[in-house]
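Let me begin by presenting the structure, written as structure tokens, before commenting on it.
All of the numbers you see were taken from the coordinates with simple rules; none came from a lab. Remember, predicted model here, so these are calculated numbers, not experimental data. Because the Cβ atoms are built from the backbone with ideal geometry, glycine has one as well, and the counts that use them run over all protein chains shown.
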Amino acid sequence: MALKESPAKVEESVAKVEESTSKVQKFSKEELEQLTTLQSKSQNATLQFGQLYLSKIRLEEQETALKAYVKNLEEEEAKLAKDLSDKYGKGSINVDTGEFTPSKQ
């Protein structure tokens, strides 16, 4: 069973809806504070994401530079080991005492 309203009541309801949506309304002080607080939090989160991204880029640059530095150290170590091996032969070095002990072949 369907309910039917008179055309006059339907027009009255539509007029009320149109009137309420066309009026300029003000938010309450609390609602406005909630909106501005939320907007501020959102902007702060966006700023933090930007700062985090820049920190990530800097960290990646530091990682790349450190990897290159370690690779350079490894190359220096290999060259020094070869130079010492060429000069003293194969053996072991005690860095604390500066003594070289040739290996027995």
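Assorted remarks:
- Net length gained if the chain between Asn44 and Ser22 were fully extended (0.36 nm per residue, minus Cα distance): 4.5 nm
- If R0 equals 35 Å, the separation of the Cβ atoms of Ile93 and Ala65 corresponds to a calculated FRET efficiency of about 0.70.
- Under the convention that each Lys and Arg Cβ holds +1 and each Asp and Glu Cβ holds -1, the size of the dipole of the chain around its Cα centre is about 120 debye.
- Helix-derived mean residue ellipticity, 222 nm - over the chain, DSSP H n ≥ 4, -39500 (n - 2.57), to 500: -26500 deg cm²/dmol
- For region 36-46, putting each phi into the Karplus relation 6.51 cos²θ - 1.76 cosθ + 1.60 with θ = phi - 60° gives couplings of 5, 5, 4, 4, 4, 4, 5, 5, 5, 5, 5 Hz, in residue order, rounded to whole numbers and with x for Gly and Pro.
- In region 32-81 the Cα-Cα distances spread across 10 Å bins starting at 0 as 23, 22, 17, 15, 11, 7, 4, 0 percent of all pairs.
- Tilt relative to the chain, helix 7-22 - C-alpha long axis, 0 to 90 degrees, to 10: 40 degrees
- Normalised per residue, the volume of the convex hull around the Cα set of the chain (Å³): 336 Å³
- Extending 7 Å from the Cα toward the beta-carbon at both Tyr53 and Glu31 defines two label points whose distance is 3.4 nm.
- Cβ-derived FRET efficiency at R0 30 Å, Lys104 paired with Leu80, nearest 0.05: 0.80
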